[in-house]
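Trainee: One structure is given below, represented as structure tokens, and several questions about it will come after.
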Amino acid sequence: MKTGARNLITDVPGLLVGQAEDRRLRSGVTVLLGEVPFVGAVSVMGGAPGTRETDLLAPDRLVQAVDAFVLSGGSAFGLDACSGVANGLRAMGRGYAVGDQRVPIVPGAILFDLLNGGDKGWGRNPYADLGLQALAAAGLEFALGTAGAGFGAMTGRWKGGLGSASCVLDSGITVGALVAVNALGSVTVGDGPQFWAAPFEMDAEFGGLGMAPAAPLQDDPELRKRLGEATTIAIVATDARLTKAEAHRVAVAAHDGMARAIVPSHTLLDGDLVFAAATGQREMNEPLRDLFQIGHAAASCLARAIARGVYEAKAMEGDLQRSYR
């Protein structure tokens, strides 16, 4: 296994990422766009999720492919980012065909960043415009850390952020992850500097400090956020040809990476969620073995992406938390 050329989710052929932020608002939006519609799935394991159009991702639903996934700040207001993306895709002629109409399929998830010091006194919900801007910016390269949906993110200990990572399996299949880290738990062992995700690090992508000399699990973690204020929202992706049911299993497996990188994770107060995307550009030669390895790689990539999101966060005037660096 090795990292992809960019060590970003866009190493998965057929995927683009666009982002938009508002510094005054201290929030933003990240869009994962398929060059063509892709197979999508979702697994929700947090107790306080905020989502749009996730029910249609179930294997027994009519629609078999989606156009984009959206990760957004803004709590429930941020779900409007999906509307902006859908409007932009419709203008591009994209979407599920219904007669002479096109209905873009844009599932999304949000995190809570309303108490991060930004100016939230908007008159008109700004997230549809941010979604449209993020769509327009879609490309192969994108910023990590204080960017997109992770722009105003916080964690239990450090300033949060937007992270991504990728790997290429020996089979040639590519796997990637994209995540906005706004967790209740901590990504470092105690006060750091070692990350819980250290065993999975590749090429010193988040400092190369290795594992902590001793990493005792905290028996009684502090409750640093309230109900609805925490969430880690993520996307894992592959170029393998998967069914919706197989993509769902990959999303489930990827949650292991979240649990390896954030302690504690999947709490009642988090809205932890993982989308899965499969572009179908590569056939699996050994389906059972390949799917097994894709699930493991998705978890490892997500753990790495979570650490990178916090590692790359930049200090800004008015921050309520210190950035890792």
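The values are calculated or read from the model by the stated rules, or taken from the named source; none is laboratory data. Predicted, not measured: the structure shown is a model, and the values here were computed from it. Cβ: placed from backbone, ideal geometry, glycine included. Neighbour counts: every protein chain shown.
Trainee: Working carefully through the options Gly271, Gly309, find the one that is under 25 Å from Leu56 (Cβ atoms) and either surrounded by 24 or more Cβ atoms within 10 Å (Cβ to Cβ) or without any contact (Cβ under 8 Å) to a residue 40 or more places away in the chain (or both).
Mentor: Gly271
Trainee: Is it true that some residue in the range 90-98 is of a type outside the set (Val, Ile, Thr), under 15 Å from the mean Cα position of the chain (by Cα) and modelled with pLDDT under 95?
Mentor: No: the range 90-98 contains no residue that is of a type outside the set (Val, Ile, Thr), under 15 Å from the mean Cα position of the chain (by Cα) and modelled with pLDDT under 95.
Trainee: Follow-up. State which residue pairs qualify: first residue in contact (Cβ under 8 Å) with a residue 60 or more places away in the chain and inside the range 96-111, second residue of a type in the set (Phe, Trp, Tyr) and outside any strand (DSSP E or B) in any location, beta carbons under 9 Å apart, and separation of 6 or more residues or different chains.
Mentor: Hits for this filter: Ile110/Phe77; Ile110/Tyr127.
Trainee: In the range 208-233, how many residues are touching a Phe, Trp or Tyr at 6+ places or on another chain (Cβ under 9 Å), at pLDDT below 95 and buried (at least 16 other Cβ atoms within 10 Å of the Cβ)?
Mentor: Residues flagged as touching a Phe, Trp or Tyr at 6+ places or on another chain (Cβ under 9 Å), at pLDDT below 95 and buried (at least 16 other Cβ atoms within 10 Å of the Cβ) within the range 208-233 amount to 6.
Trainee: May I ask you to say which residue of Ala183, Ala153, Ala138, Ala177 is crowded, with 24+ Cβ neighbours inside 10 Å, closer than 16 Å to Glu21 by Cα and of a type in the set (Gly, Ala, Ser)?
Mentor: Residue meeting the stated conditions: Ala153.
Trainee: Within the range 8-57, how many residues are assigned to a loop (DSSP other than H, G, I, E, B) and touching a Gly at 6+ places or on another chain (Cβ under 9 Å)?
Mentor: Total meeting the criteria: 14.
Trainee: Collect the residues in the range 60-110 that are of a type in the set (Gly, Ala, Ser), within 18 Å of Ser27 (Cα to Cα) and part of a strand (DSSP E or B), keeping them in residue-number order.
Mentor: Correct list: Ser72, Gly108, Ala109.
Trainee: May I ask you to say which residue of Gly192, Gly160 is over 27 Å from Glu286 (Cα atoms), at pLDDT 95 or above and not hydroxyl-bearing (Ser, Thr, Tyr)?
Mentor: Exactly one of Gly192, Gly160 is over 27 Å from Glu286 (Cα atoms), at pLDDT 95 or above and not hydroxyl-bearing (Ser, Thr, Tyr), namely Gly160.
Trainee: Asp67 fails exactly one of the following numbered conditions: (1) in contact with a strand residue (DSSP E or B) (Cβ under 9 Å, 6 or more places away or on another chain); (2) acidic (Asp, Glu); (3) over 22 Å from Leu273 (Cβ atoms). What is the number of that condition?
Mentor: Of (1) in contact with a strand residue (DSSP E or B) (Cβ under 9 Å, 6 or more places away or on another chain); (2) acidic (Asp, Glu); (3) over 22 Å from Leu273 (Cβ atoms), only one is false for Asp67: (3).
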